[in-house]
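J.: Have a look at the structure that comes next, please.
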Amino acid sequence: MATVTKTIGTSSRDYSTIAAWEADLSSASIYSNNDDAVGVCYNDSAFDEAVVINGGNSIGGSAGTDLSSRKLTVHADSKHDGTAGSGARNVYTGSTNPVLKIAINNTTVEWLEYDCSGAGAASRQLVVVDNDVITGIYINNMIVHGVGNTTGNTMGIVVANGGNASNTRYLTNNIVYDISDASTANFGMFCTNNSGKSELYNNTIHGTGTNTGDFGLYILNGNVIFKNNISMASGGKDIEESGSPTEEYNMTSDATASGTGAQASKTTADQFVSVTGGSEDLHIKSGSDAIDNGVDLGTTGNSNTDINGRDRDAQGDTWDIGAHELVEDSAAGTAFIMFVD
Amino acid sequence: MELIVKVKSDGSNPYYQDGDVVQAMSLDYINFVHAEMICHPSNFGFSTNGTRDLGTLLEKFQQATHVYKFQRVGKRVRRTNLITAEEEMIGKTPNENGESIDVYQYLTRRLKNPNHKIFGLSGSELWYGKARTDFEVLLPVAWNHIETESDNLQDNHNNWPFTDLEKRHFVCINTSGRNYDGDSFTRVELSGDTVTTRSMPVLEDSEDDEQPMLAKRKWFVPYWDLSSELGNSVDDLRNSDHMCDCRKPMNEREHIDILTYDKVAEGLL
């Protein structure tokens, strides 16, 4: 059992595409039984591909010889800074749906940006956890935004059916915005009615649709737990739910945040650095209602690592709501910038 | 169009099958990827105030590949749509679309990123946003800048940067279409749906949102029957220690219909 790390990018890496890395996960010349496969993406150029992750079983054609886990991540020097275009990214222009499907247990996807604003009409769902994929799923620190001219049921991150209250599926510290096309039924993050347990912590969702049938967080299963999420500026409700999921310390621009620590009916413009189209920056800003109003989740589901890579748990922070843990700048290390009115 | 093709099956459907097209790359996308690497921020320096210099190849490439230009004007930002030339001033107070920006906090955070793309002088910083994907429009402009301001020629950047590992574990090929003039023809590049469909899965025909995947890929290359066309033996193509690159110059490329087959049309699903 070993961790086998391969690099992915177009500048002299091991693989030039994510799809090629995934397609080699069952290669016996690389992997052995119970290995952990890690694909490390680099910001050499934008990827443009739809990928289904289900490889790593029956390595070399031998039944019962399987990977222990798969992780698709980004090299430290290629991580985004919380805004589009700043790190390793998939700018998808094709028409496959979904654009990224996680179709096997024990899979982590983190630190990638998915920009689908130039995708075809059929690409309605950007990141999907497939049916009955219920164990060891982590989607962390992603930036997911933009859809093409789809025809409805457009979704940023989706958890499909399967499992029960014992699932281990974590969606944490993701930024999801501009999941919005002209039709109704846009959803920022969506857990289906038969999806069983998923845990959604410290995500930030903004600008989901413009119609009353568009929802930022759409939670339809009572086993779901969602805490410390920001959902704002949705066409319909910021949070729509059924089945009595567990919810605490969420923040919305409408009245739909409820439960302990809820921050409801907050002004969107007071929260984020920029909600300007084409230059979005959903870091919270000084004075935000999200600051110090979250609940400490320890290290559950990697919720401790914020969108900048700050470890809230190790730093002893009082947790903010949303993907960003705001730390006011000290003089040291602050970029020089002059402002003159 | 260039293709990377799976060697050996990973199991029965819906896993990869021997010969599946893993990924297809159009010439436009290949040209774009090379342009991005040439114009990567790490290849450019900083001005004395920590921003990037205006008028550089980096800035011209950013302008050619984005929809919006943003320029700070005091505590506000002028957003210019580079396609329509429409301009709008945006500041802390939301506009009618709810858009707002805190310029100080925005720029402070960006400038800490060693790969930032903030240009110009303090007080009038400039940046670009929203990636364009209309390659047919942006590529001629971008490559004109690159060829004018560097030693790189677009014609030298027409091949996908397949890695050594990929050349050993997969079949790397290219192909072409044909334009007929009477009995003669010229080989032409393939684009659009012809490229994107080559790496699509086969989904169950269903009205539901969740369409089960019947096959991971719809198209395959029966490389085991194409030794002469690919210029490599099947044994070499299947040998993961042997590096094969089956790509050919344009005037020698096989037609796409000789190399790629639709599993559904062939009755294999």
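A short reminder: the numbers here are calculations on the coordinates, not readings from a lab. Every value quoted in this text rests on a predicted model; they were computed, and no experiment measured them. Here the Cβ positions follow ideal geometry from the backbone for every residue, glycine too, while neighbour counts run over all protein chains shown.
J.: Report, in debye and to the nearest 20, how large the dipole of chain B comes out about its Cα centre when Lys and Arg carry +1 and Asp and Glu carry -1 on their Cβ.
T.: 1580 debye
J.: Something else: Over the whole of B:10-16, what's the average partner chain Cβ count within 10 Å per residue? Rounded to a whole number, please.
T.: Per residue, the number of nearby Cβ atoms from other chains is 6 on average.
J.: Given contacts defined as C-alpha pairs under 8 Å and at least six residues apart, what's the relative contact order of segment A:236-281, whole-number percent?
T.: Relative contact order, segment A:236-281: 25 percent.
J.: Averaged over A:5-15, how many beta carbons belonging to a partner chain fall within 10 Å of each residue's beta carbon?
T.: Average neighbour count from other chains, rounded to a whole number: 4.
J.: Let me ask something else about it. HN-Hα J couplings of segment B:16-27 from phi, Karplus 6.51/-1.76/1.60, θ = phi - 60°, integer Hz, Gly and Pro as x?
T.: For segment B:16-27, the Karplus-derived couplings read 4, 10, 3, x, 4, 6, 6, 8, 10, 10, 6, 4 Hz, x marking Gly and Pro.
J.: Hey, another quick one. Is segment B:35-149 best put as rounded, prolate or oblate by its Cα gyration tensor, with a ≥ b ≥ c the root eigenvalues, rounded for a/c under 1.5, and otherwise prolate when a/b is larger than b/c, oblate when not?
T.: oblate
J.: Okay, next question. With the cut-off at 1.5 for a/c, could you classify the protein assembly as shown from its C-alpha gyration tensor as rounded, prolate or oblate?
T.: Oblate is the answer for the protein assembly as shown, as a/c is 1.5 or above yet b/c matches or exceeds a/b.
J.: Here is the link list: B:Lys75/B:Lys112; B:Lys130/B:Lys216; B:Lys218/B:Lys248. Which ones come out longer than 27 Å on Cα distance?
T.: Pairs exceeding 27 Å: B:Lys130/B:Lys216.
J.: A further question follows. What is the total of Lys pairs in chain A with C-alpha atoms under 26 Å apart, excluding same-chain pairs fewer than 8 positions apart?
T.: Pairs that pass both the separation and distance tests number 20.
J.: Pick from A:Asn34, A:Asn304, A:Asn228: which residue has the top mean-square fluctuation in a GNM of chain A where Cα pairs under 10 Å get a spring?
T.: A:Asn34
J.: Under a point spin-label approximation (7 Å from Cα along Cα-to-Cβ), what is the B:Ser122-B:Arg76 distance to one decimal in nm?
T.: 2.4 nm
J.: Quick one: net charge around B:Glu149, please, counting Lys, Arg +1 and Asp, Glu -1 for every other residue with C-beta under 15 Å from its C-beta.
T.: -2
J.: Let me ask another. Determine, for B:Phe46, A:Phe215, B:Phe70, the number of other Cβ atoms within 10 Å of each Cβ, and report the residues in order from fewest to most.
T.: Fewest-to-most Cβ neighbours within 10 Å comes out as B:Phe46, B:Phe70, A:Phe215.
J.: Taking neighbour Cβ counts within 10 Å as the exposure measure, how do B:Leu54, B:Leu126 sort from fewest upward?
T.: Arranged by neighbour count, lowest to highest, B:Leu54, B:Leu126 become B:Leu54, B:Leu126.
J.: Using every pair of alpha-carbon atoms in segment A:1-106, split the distances into 5 Å bins beginning at 0 and state the percent of pairs per bin, rounded to integers.
T.: Going out from 0 Å in 5 Å bins, segment A:1-106 shows 3, 13, 22, 23, 19, 13, 6, 2, 0 percent.
J.: Also, I was wondering about something else. Residues with beta-carbon under 13 Å from that of A:Val133, excluding A:Val133: net charge, scoring Lys, Arg +1 and Asp, Glu -1?
T.: Summing Lys/Arg as +1 and Asp/Glu as -1 gives +1.
J.: Using 0.36 nm per residue, how much length does the chain from B:Asp134 to B:Ser42 gain when fully extended, once their Cα-Cα distance is taken away?
T.: 30.6 nm
J.: Given Cα pairs under 8 Å that are at least 6 residues apart, what percent is the relative contact order of chain A?
T.: 10 percent
J.: Among residues other than A:Gly316 whose Cβ falls under 12 Å from its Cβ, what is the net charge (Lys/Arg +1, Asp/Glu -1)?
T.: -3
J.: Taking H as built 1.01 Å from N, whose amide H comes closer than 5 Å to the amide H of A:Thr204, not counting residues under 5 places away?
T.: The list, which skips near neighbours in sequence, is A:Asn174, A:Ile175, A:Val176, A:Ile230, A:Ala323.
J.: Hey, in the GNM for chain A with a 10 angstrom Cα cutoff, which one of A:Ala290, A:Ala233, A:Ala314 fluctuates hardest?
T.: Its mean-square fluctuation being the largest, the pick is A:Ala314.
J.: Continuing with this model, one more query. Express in % the proportion of alpha carbon pairs of chain A at distances exceeding 26 Å.
T.: Result: 45 percent of Cα pairs exceed 26 Å.
J.: Now a separate question. Inside 10 Å of the C-beta atoms of B:163-170, what's the mean count of C-beta atoms belonging to other chains?
T.: Taking all residues of B:163-170 together, the mean is 6.
J.: Which is the longest part of chain B that has none of the GluC sites (Glu not before Pro) sitting in a DSSP loop with at most 12 other Cβ atoms within 10 Å?
T.: Answer - B:97-203.
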